[in-house]
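The values are calculated or read from the model by the stated rules, or taken from the named source; none is laboratory data. Just so we're clear, the structure is a prediction, and the values are computed from it rather than from any experiment. As a convention, Cβ positions derive from the backbone with ideal geometry for all residues, glycine included, and neighbour counts pool all protein chains shown.
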């Protein structure tokens with residue numbers, strides 16, 4: 001008996017380190033460390049390509065939309081739901097904006113409004129069904145995804161590039177970052193640049209991070225995701241919080257859709273295929289738990305970057321065949337999931353031992 | 001209407017009981033679709049007897065094509081129902097897993113050459129290998145869910161992202177084509193029998209699962225794990241193993257569906273084969289009125305749900321809806337169905353019904 005009593009003691013001591021850190025911080029810490037290790041490893045092994053700042057900025061440029069969409073996804077996941085319609089909404093937004101700009105000679109301001117309106121509409125309808133009618137978020141947003149994908153082809157079947165001058169000018173606008181340029185193969189100095197979408201993405205991340213950290217609503221998301229019952233007892237309007245999380249996610253999918261549209265400059269039914277899964281994967285890698293209550297947008301941001309860094313590593317390692325990307329992403333996802341599951345299980349044990 | 005309800009109270013009770021039945025939703029949906037087609041175009045139900053290009057007798061018609069094309073979905077719905085009931089989550093990797101198992105079948109049959117003139121291995125060996133591989137992938141998903149306690153949707157997300165890539169990798173990204181007609185039997189017709197083979201295969205699967213549910217405790221155990229995991233452990237069950245088992249069963253269903261899928265074309269296109277079928281399979285379970293959060297299930301309702309989805313798709317194709325636009329219509333139907341079957345809405349409707357009845361009672365009394 002005395003032996004069995006002794007056994008948990010070292011565990012509890014070990015657990016103190018773990019339990020001093022909140023769930024959110026611990027998982028965030030893992031993500032950021034993994035990203036930096038991976039990037040430094042890439043620099044050491046692959047060499048030159050990854051040393052150029054532009055490589056890093058290209059990852060940002062290509063994934064500004066994914067960052068924005070993943071933020072929305074993280075918020076919904078923190079609240080304990082899921083939204084798999086975001087990829088469809090992104091495709092629908094870029095198709096609608098493309099059709100409006102090209103066939104109806106629209107202006108850019110209105111097209112932004114269209115993007116926001118589509119995202120908001122999806123968010124409101126899905127949020128209402130999930131929060132107030134108690135239908136499972138997975139089914140509702142699955143239908144939302146079907147609907148968005150179908151509507152995209154109903155709006156226009158064929159992919160096409162947008163020729164609208166004002167839009168093309170906006171699309172090609174590049175914000176040059178001084179001092180980080182590099183010399184290309186011809187010996188010419190090329191400035192490092194980012195696109196407008198990246199600025200939008202960074203603003204979204206910072207604003208939402210502050211909201212989640214310090215606003216009443218933001219803390220409400222965590223409370224509802226962690227335990228709806230006790231959130232209700234704390235006087236939080238659980239239904240409204242869930243509703244708002246879905247509305248926010250829809251709105252962010254709208255914004256993300258426009259940023260995506262600004263990056264690709266075309267409308268096509270096959271745009272953003274599988275984006276919802278990438279967004280979920282980024283959120284998970286970033287330390288958001290699908291059970292809700294745990295997550296951090298900075299982590300999501302790094303999740304997107306890690307996901308794409310590994311893609312870059314794979315393609316620059318000469319494994320250019322299309323299937324390697326899928327397999328590596330899946331492998332990484334698997335790794336993170338298992339790590340998460342193990343870490344959380346140990347933490348639970350530690351807390352149990354402590355009490 | 002109100003009068004008939006008033007004459008006898010039991011009759012209204014009966015109506016309510018029918019409405020509350022789980023089979024009500026899929027059957028009502030099937031009936032509505034059938035009625036709609038009958039009104040729009042009675043010739044929808046015509047079945048004609050023909051000879052195909054090889055000279056086999058063949059039955060053709062919309063009903064036959066619904067039963068034929070719905071086979072894979074019905075088979076998947078069986079496994080998906082079990083997984084949903086036991087784990088309270090869904091497997092979203094079945095489409096990708098079909099790509100893998102189909103790819104394995106072709107790989108075994110073709111050997112190293114991607115366009116062989118003769119089969120390099122007996123067909124049953126290929127089927128056996130693909131079953132084992134699909135069950136292994138099912139076991140992988142099951143392990144993550146049951147032993148690592150990852151939510152099913154997230155755990156299967158891994159295979160969902162990697163599956164089609166693995167399928168391409170198995171065949172070195174080549175597109176093997178099998179010219180031997182004997183392989184086409186599983187997705188086409190057995191010579192001399194005018195009914196498509198997939199219908200027989202689906203029927204066989206249904207009979208097997210019916211026997212399993214009838215003569216083993218699988219159904220009971222799955223439901224008890226889904227309803228309350230810890231209490232079923234206290235009753236001596238092993239919840240983790242049962243969850244694991246349901247994923248392996250789903251793997252077997254995937255292998256059968258994959259065989260039919262590749263046999264239809266005697267080839268495979270990794271990125272397109274069985275695309276979005278996972279969503280349809282989950283939909284079939286939901287349409288069958290099964291709670292997606294686990295617990296009790298009704299296998300018959302799920303299978304009927306699968307055929308309802310195929311019926312809907314065939315109906316829409318008949319009205320010249322583009323296949324890419326199909327999801328939008330499907331989504332509307334899904335939303336209508338889930339809204340109608342949501343407990344909140346049902347309660348509300350029931351309350352309104354009660355109020356109407358009470359009013360008429362008051363009138364009668366007055």
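Summary of computed values
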| item | result |
| --- | --- |
| Unique match (being in contact with a helix residue (DSSP H, G or I) (Cβ under 6 Å, 6 or more places away or on another chain) and under 13 Å from residue A:90 (Cα atoms)) among A:231, A:253 | A:253 |
| Residue within the stretch A:29-45 that is within 24 Å of residue A:192 (Cβ to Cβ), under 17 Å from the mean Cα position of the chain (by Cα) and part of a helix (DSSP H, G or I) present | yes |
| Count - residues of the stretch A:53-85 that are buried (at least 18 other Cβ atoms within 10 Å of the Cβ) and either out of contact with any helix residue (DSSP H, G or I) (no Cβ under 9 Å at 6 or more places or on another chain) or under 18 Å from residue A:131 (Cα atoms) (or both) | 15 |
| Condition met for residue A:264 (away from chain B (no Cβ under 14 Å), surrounded by fewer than 20 Cβ atoms within 10 Å (Cβ to Cβ) and modelled with pLDDT of 90 or more) | no |
| Unmet requirement for residue B:253, which otherwise passes all of (1) crowded, with 22+ Cβ neighbours inside 10 Å; (2) within 14 Å of chain A (Cβ to nearest Cβ) | (2) |
| Qualifying residue in the stretch B:80-88 (condition: farther than 22 Å from residue B:225 by Cβ and surrounded by 19 or more Cβ atoms within 10 Å (Cβ to Cβ)) | no |
| Scan of the stretch B:286-304 for residues that are assigned to a helix (DSSP H, G or I) and either in contact with a strand residue (DSSP E or B) (Cβ under 8 Å, 6 or more places away or on another chain) or farther than 21 Å from residue A:149 by Cβ (or both), ordered by number | B:299, B:300, B:301, B:302, B:303, B:304 |
| Among the candidates A:311, A:273, residue that is surrounded by fewer than 21 Cβ atoms within 10 Å (Cβ to Cβ), out of contact with any strand residue (DSSP E or B) (no Cβ under 7 Å at 6 or more places or on another chain) and assigned to a loop (DSSP other than H, G, I, E, B) | A:273 |
| Selected residue (only one of B:163, B:89 is under 22 Å from the mean Cα position of the chain (by Cα), part of a loop (DSSP other than H, G, I, E, B) and within 12 Å of chain A (Cβ to nearest Cβ)) | B:89 |
| Which numbered condition residue A:201 misses (of (1) modelled with pLDDT under 85; (2) more than 30 Å from residue B:325 (Cβ to Cβ)) | (1) |
| Out of A:291, A:325, sole residue that is assigned to a loop (DSSP other than H, G, I, E, B) and within 12 Å of chain B (Cβ to nearest Cβ) | A:291 |
| Subset of the stretch B:128-153 (residues that are modelled with pLDDT of 90 or more and out of contact with any helix residue (DSSP H, G or I) (no Cβ under 6 Å at 6 or more places or on another chain)) | B:128, B:132, B:136, B:140, B:143 |
| Enumeration of residues in the stretch A:90-143 that are part of a loop (DSSP other than H, G, I, E, B), in contact with a helix residue (DSSP H, G or I) (Cβ under 9 Å, 6 or more places away or on another chain) and surrounded by fewer than 24 Cβ atoms within 10 Å (Cβ to Cβ) | A:106, A:107, A:133, A:134, A:136 |
| Boolean, residue B:83 is within 14 Å of chain A (Cβ to nearest Cβ) and outside any loop (DSSP other than H, G, I, E, B) | yes |
| Filtered residue count, the stretch B:337-347, keeping only those that are farther than 18 Å from residue A:127 by Cβ and either facing chain A (nearest Cβ under 10 Å) or modelled with pLDDT under 75 (or both) | 3 |
| Selection status of residue A:146, in a helix (DSSP H, G or I), within 14 Å of another protein chain (Cβ to nearest Cβ) and touching a residue at least 60 places away in the same chain (Cβ under 8 Å) | no |
| Members of the stretch B:115-131 found to be in a loop (DSSP other than H, G, I, E, B) and free of Cβ contacts under 8 Å to residues at least 40 places away in the same chain, listed by number | B:120, B:121, B:122 |
| Test: residue in the stretch A:149-158 that is part of a helix (DSSP H, G or I), within 14 Å of chain B (Cβ to nearest Cβ), within 30 Å of residue B:279 (Cα to Cα) and under 21 Å from the mean Cα position of the chain (by Cα) | yes |
| Any chance residue A:280 is at pLDDT below 90 and buried (at least 24 other Cβ atoms within 10 Å of the Cβ) | yes |
| Count - residues of the stretch A:340-353 that are within 18 Å of residue A:282 (Cβ to Cβ) and either in contact with a helix residue (DSSP H, G or I) (Cβ under 6 Å, 6 or more places away or on another chain) or surrounded by fewer than 14 Cβ atoms within 10 Å (Cβ to Cβ) (or both) | 0 |
| Residue in the stretch B:312-323 that is within 12 Å of chain A (Cβ to nearest Cβ), under 21 Å from the mean Cα position of the chain (by Cα) and assigned to a loop (DSSP other than H, G, I, E, B) present | yes |
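Residue by residue, here is whether (1) over 18 Å from residue B:149 (Cα atoms); (2) away from chain B (no Cβ under 14 Å) holds:
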| residue | (1), (2) |
| --- | --- |
| A:258 | yes, yes |
| A:270 | yes, no |
| A:279 | yes, no |
| A:287 | no, no |
| A:315 | yes, no |
| A:329 | yes, no |
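Residue by residue, here is whether (1) touching a residue at least 40 places away in the same chain (Cβ under 8 Å); (2) surrounded by fewer than 18 Cβ atoms within 10 Å (Cβ to Cβ); (3) away from chain A (no Cβ under 14 Å); (4) under 30 Å from residue B:293 (Cβ atoms) holds:
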| site | (1), (2), (3), (4) |
| --- | --- |
| B:133 | yes, no, yes, no |
| B:152 | yes, no, no, yes |
| B:167 | yes, no, no, no |
| B:178 | yes, no, yes, no |
| B:186 | yes, no, yes, no |
